[in-house]
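First comes the structure, then the notes that go with it.
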């Protein structure tokens, strides 16, 4: 009876490891996020290339990219970026994930600017 329990524990441990290995490669970390920023008042759009871990000042916005990920190449192509956005007068106005294929899921709620993810490189 003890042998059966030990064998079952080993099988569960091996299956757990196999499942963790398969999901570990679900995303590819990328070093640069490509964001589009629209100044609503001016009606102009700017493309920004921001390295992960660095910040960029764009007009009133300070944008920091914390992570940029690409979906597994064998899946439909998608990108995600964790972005923080600050203004001098209001502090942090956004801290969340952007999804390129679903830009409306976590939009920047700001009367002056729209920001969305174009991709990761």
### Task
With respect to residue 97, determine if the residue is without any contact (Cβ under 8 Å) to a residue 24 or more places away in the chain and under 11 Å from the mean Cα position of the chain (by Cα).
yes
### Query
Quick check: anything in the stretch 15-28 modelled with pLDDT of 75 or more and assigned to a strand (DSSP E or B)?
yes
### Task
Looking for whichever is free of Cβ contacts under 8 Å to residues at least 24 places away in the same chain and more than 18 Å from residue 26 (Cβ to Cβ) here; the options are 111, 107. Which one fits?
107
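Here is a yes/no grid of residues against (1) in contact with a helix residue (DSSP H, G or I) (Cβ under 6 Å, 6 or more places away or on another chain); (2) on the phi > 0 side of the Ramachandran plot; (3) surrounded by fewer than 13 Cβ atoms within 10 Å (Cβ to Cβ); (4) in a strand (DSSP E or B):
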{"residue": "53", "(1), (2), (3), (4)": "no, yes, yes, no"}
{"residue": "65", "(1), (2), (3), (4)": "no, no, no, yes"}
{"residue": "68", "(1), (2), (3), (4)": "no, no, no, yes"}
{"residue": "77", "(1), (2), (3), (4)": "no, no, yes, no"}
{"residue": "85", "(1), (2), (3), (4)": "no, no, no, yes"}
{"residue": "89", "(1), (2), (3), (4)": "no, no, yes, no"}
{"residue": "94", "(1), (2), (3), (4)": "no, no, no, yes"}
{"residue": "97", "(1), (2), (3), (4)": "no, no, no, yes"}
{"residue": "107", "(1), (2), (3), (4)": "no, no, no, no"}
### Message
I need a count of the residues in the stretch 61-81 that are over 17 Å from the mean Cα position of the chain (by Cα) and either under 13 Å from residue 121 (Cβ atoms) or modelled with pLDDT under 95 (or both).
### Response
1
### Query
How many residues are crowded, with 16+ Cβ neighbours inside 10 Å and either assigned to a loop (DSSP other than H, G, I, E, B) or modelled with pLDDT under 55 (or both) if we restrict to the stretch 29-41?
1
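The values are calculated or read from the model by the stated rules, or taken from the named source; none is laboratory data. Everything numeric in this text was worked out from a predicted model, so none of it was measured. As a convention, Cβ positions derive from the backbone with ideal geometry for all residues, glycine included, and neighbour counts pool all protein chains shown.
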